[in-house]
Amino acid sequence: MQFELTEEQTMLLDALVAITGEGAEPERCVDRYIADPALEEQLQDAGFFSLAQHGYSTLEAVLVAIGIGKLPVCVEAATSLLIGPLLPETVRRPIAIVRETSAGETSVAVSGRSGSRAARLATRPIRFLSGAHTLVILADDQVSLVELQPEDVRACTTHYAYPYGVLVPAALERAVVVDVPADELLRRYRLAIAAEITGAADAALQRTLRQVKEREQFGKPIGAFQAVQHRLAMAATSVEACRVLTLRAADGGDAADAAAAAGYAQEMARQLTFDLHQFSGAMGLTLEYPLHLWTYRIRALQAESGGSQEQFAASVDLAWPPSKSRGE
Amino acid sequence: MDFSWTPEHLALRDSVRTVLAETLPADWDRIAREGPGSAEQTAFSREFCPKLAARGLLVPHWPVEFGGRGASTWEHFIIGEELWAAGEPRGPQYMNVNWIGPTLMRYGSPAQQQEHLPRIAAGTVIWCQGFSEPNAGSDLASLRTRAERVDGGYLINGSKIWTSYAAEAEYCFLLARTSADRKGGIAIFLVPMNSPGIKVQQIPALIGEGDIHEVFFHDVFVAEPQRLGGEGQGWDIITHALANERIGIPRYAFARRALDTAIGLLRDRGELDSIAVKARAGQALAAVEAARMLVYGVVDQRAKRGADRGQGSLARWAVVSAERAVCEFVLDFVPDGLHEGAPPLLLAHHMRAIAAGLASGAAEVQLDLIARMFLELPRERARAV
């Protein structure tokens, strides 16, 4: 049980920061999200999206996904880092992923209409689909891929801080089933969600801390009020718990741990995003203040893959498998 | 970063589990229901701890000269985690081995060490800690119990409250005031509980038998050699002694067992199929594992002699949250868990969980410490220090 980074892990994260910089405030944040193709290309060239091919572990991939999640710019990294290694090498990123369960639900939280697959998958906006080269469709026991062409995706405006797109139904005809275990892909999808929330939540908390230390009311910083301090202390506990659950799940490879980490992350997101905006005052409602760049990623991820209820329920089935527990 | 256990740590866990399997009686869950301070569990600890001692599992983390083998922080922690998960068959003696013994090693006179350490290491003595008072709870330094100098020693007058294990204890690790100086006027006394003038009264409560008492001191004579350290040294000693105790008891481990029990019961009843129940169970599971991992992080930091910048307080808050999540899951979905006939572990956990945010200090104080140490937020106002 070692919580310190190894020398190699420290070097990896230092190399990441050398490219991304350290938490600089974006010059312009009035757009719903910030894309940075030049940064993305640098990360790609440095091999940060293909760590597994360079011998790095899942834990290291999660560390980098958390690091990229902290950035104010929006980069598709967690899916490439965690799910990419399971896919054929020819698959190109950015990668979008959608979960299609037997109940007819998809990871995009729109009320569960059943019906044709096209109706299920091709009517709902999918995170990162706009600009993606690959769509991963994760069903209960099957994984399929669509190699995307520009005409496959209709861009979609959104209040969330990610690029979203809607799939054109015809694209589904080109979906190819691949020989990838769905349960392992789902485990990694959950790690990706947990890692991305951890990174964004950490950065959002840090930005809010700066605000409450600077902003004064009643003659003192608002961060000096105990009512504010206690909720920020709880927020910090949640973020640190989220980080360590995610890292442990990545290192150990246990599917229940990954479900618990994703569920924890998605659940904490509700209170965390509310509180961080609350403590930022009306400034937190503006687009010139960067908090939304992280919180509206977190809010989008809250419902990913069915949301916290789905991950928590799955963690119970995985931690106490029905056949084993009965009769014990 | 590596979250796996070493083969040595796994073997140690196994050896503790073997002792438990060989030693705990069939009705152990019933005995352990009231918690470490009950008369029955305390009596059991006097049999159990010598067996642990014989196998080198009671004080292995103590230095060799005091009967240990200098085992690592992690080894000490693993033993404590397994025993707490099992319902704490060491009874109140967990406290002796965790901090009372080590504090005596550091600050005690050779005579004090000789008198107390062998008995603690043998597992045959019970201690209580005389800290809180009616007007000194979270604000411990405002304690008023007086130690007045008399010929050959001190006369103690005052009262303590919430004192765990007092009815069964042979000694009290007592904080008392020798002068008005808020922190500099506090001294520590190692007081035999059979001293004339001590009266112990159990407080009927929602938590386990033996958990809380009032202890009254009326002209209790304590000889000078029973003072630990110097007269003004009490606060420094206690701060040092408890610095490593902030994460305290590995409460999440018992919460996990209560959750395991509740899940097993619900599954047997066919009541674990709905997503609403499973989602809440999963939420409690994640809270327990979050607490476990944050505590492990603190243990790792302690093992490496790293400085605590508030991580201990984060872990403590996570532990309280985990206790609450399991407690509420049981109340919501296994409401009969508190009735007669239910597995005793469920009520046992309930009684521990409702005290989690208060035992060893109100958890809100930990939130203050997180704000100050971890988040580096400014103080609300200047406090009297």
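Here are a few things to note about the model shown:
- Meets criteria (farther than 18 Å from B:GLU81 by Cβ and either among the β-branched types (Val, Ile, Thr) or open to solvent by less than 40 Å² (accessible area, probe 1.4 Å) (or both)) for B:VAL298: no
- Criterion: part of a helix (DSSP H, G or I), at negative phi and away from every other protein chain (no Cβ under 13 Å) - qualifying residue of A:LEU191, A:LEU232: A:LEU191
- Single condition A:ALA303 does not satisfy, out of (1) within 7 Å of chain B (Cβ to nearest Cβ); (2) among the hydrophobic types (A, V, I, L, M, F, W, C); (3) surrounded by fewer than 24 Cβ atoms within 10 Å (Cβ to Cβ): (1)
- Subset tally (residues that are surrounded by 13 or more Cβ atoms within 10 Å (Cβ to Cβ), in a helix (DSSP H, G or I) and free of Cβ contacts under 8 Å to residues at least 40 places away in the same chain) for the range A:20-39: 1
- Residues (part of a helix (DSSP H, G or I), closer than 21 Å to B:ILE120 by Cβ and open to solvent by less than 20 Å² (accessible area, probe 1.4 Å)) located in the range B:24-43: B:GLN41, B:THR42
- Of residues in the range B:301-339 being more than 17 Å from B:ALA359 (Cβ to Cβ) and within 19 Å of the chain's Cα centre (by Cα), the one surrounded by the fewest Cβ atoms within 10 Å (Cβ to Cβ): B:ARG302
- Taken over the range B:198-243, the criterion of being farther than 27 Å from B:SER179 by Cβ, open to solvent by 40 Å² or more (accessible area, probe 1.4 Å) and in contact with a helix residue (DSSP H, G or I) (Cβ under 8 Å, 6 or more places away or on another chain) is satisfied by B:LEU206, B:GLU209.
- Residue list for the range A:259-277, restricted to those being open to solvent by less than 10 Å² (accessible area, probe 1.4 Å) and either under 18 Å from A:MET1 (Cβ atoms) or within 11 Å of chain B (Cβ to nearest Cβ) (or both): A:ALA259, A:ALA260, A:ALA261, A:ALA262, A:GLY263, A:ALA265, A:GLN266
- When the range B:355-377 is filtered for residues that are within 15 Å of the chain's Cα centre (by Cα) and either outside any loop (DSSP other than H, G, I, E, B) or among the hydrophobic types (A, V, I, L, M, F, W, C) (or both), the ones remaining, listed by number, are B:ALA355, B:ALA356, B:LEU358, B:ALA359, B:ALA362, B:ALA363.
- Residues within the range A:91-124 that are assigned to a loop (DSSP other than H, G, I, E, B), over 16 Å from the mean Cα position of the chain (by Cα) and at pLDDT below 95, tallied: 15
- Complete set of residues in the range A:239-256 that are open to solvent by less than 30 Å² (accessible area, probe 1.4 Å), more than 7 Å from every other protein chain (Cβ to nearest Cβ) and among the small types (Gly, Ala, Ser): A:ALA249, A:ALA250, A:ALA256
- Flag: B:GLY91 does not match the condition of being small (Gly, Ala, Ser), surrounded by fewer than 17 Cβ atoms within 10 Å (Cβ to Cβ), more than 22 Å from B:ALA362 (Cα to Cα) and touching a residue at least 40 places away in the same chain (Cβ under 8 Å).
- For A:ARG32: the one exception among (1) at pLDDT 95 or above; (2) closer than 30 Å to A:LEU285 by Cβ: (1)
- Count of residues meeting criterion [within 13 Å of another protein chain (Cβ to nearest Cβ) and either touching a residue at least 40 places away in the same chain (Cβ under 8 Å) or open to solvent by 60 Å² or more (accessible area, probe 1.4 Å) (or both)] in the range B:345-385: 18
- Checked against (1) within 11 Å of chain A (Cβ to nearest Cβ); (2) part of a helix (DSSP H, G or I); (3) surrounded by fewer than 19 Cβ atoms within 10 Å (Cβ to Cβ); (4) of a type outside the set (Asp, Glu), B:ARG256 passes all but a single condition, namely (3).
- Residues that are hydrophobic (A, V, I, L, M, F, W, C) and open to solvent by less than 10 Å² (accessible area, probe 1.4 Å), drawn from the range B:136-150: B:ALA136, B:ALA141, B:LEU143, B:ALA147
- Number of the exception - B:GLY264 against (1) over 16 Å from B:LEU331 (Cα atoms); (2) touching a Ser or Thr at 6+ places or on another chain (Cβ under 8 Å): (1)
- Look at (1) under 23 Å from the mean Cα position of the chain (by Cα); (2) open to solvent by 20 Å² or more (accessible area, probe 1.4 Å); (3) hydrophobic (A, V, I, L, M, F, W, C) and you find that B:ALA342 fails only one, number (1).
The values are calculated or read from the model by the stated rules, or taken from the named source; none is laboratory data. Predicted, not measured: the structure shown is a model, and the values here were computed from it. Positions of Cβ are generated from backbone atoms using ideal geometry, with glycine treated the same way; all protein chains shown enter the neighbour counts. These area figures cover heavy atoms from the full protein model, side chains too; ligands, DNA and RNA do not enter into them. Shrake-Rupley method; radii C 1.70, N 1.55, O 1.52, S 1.80 Å.
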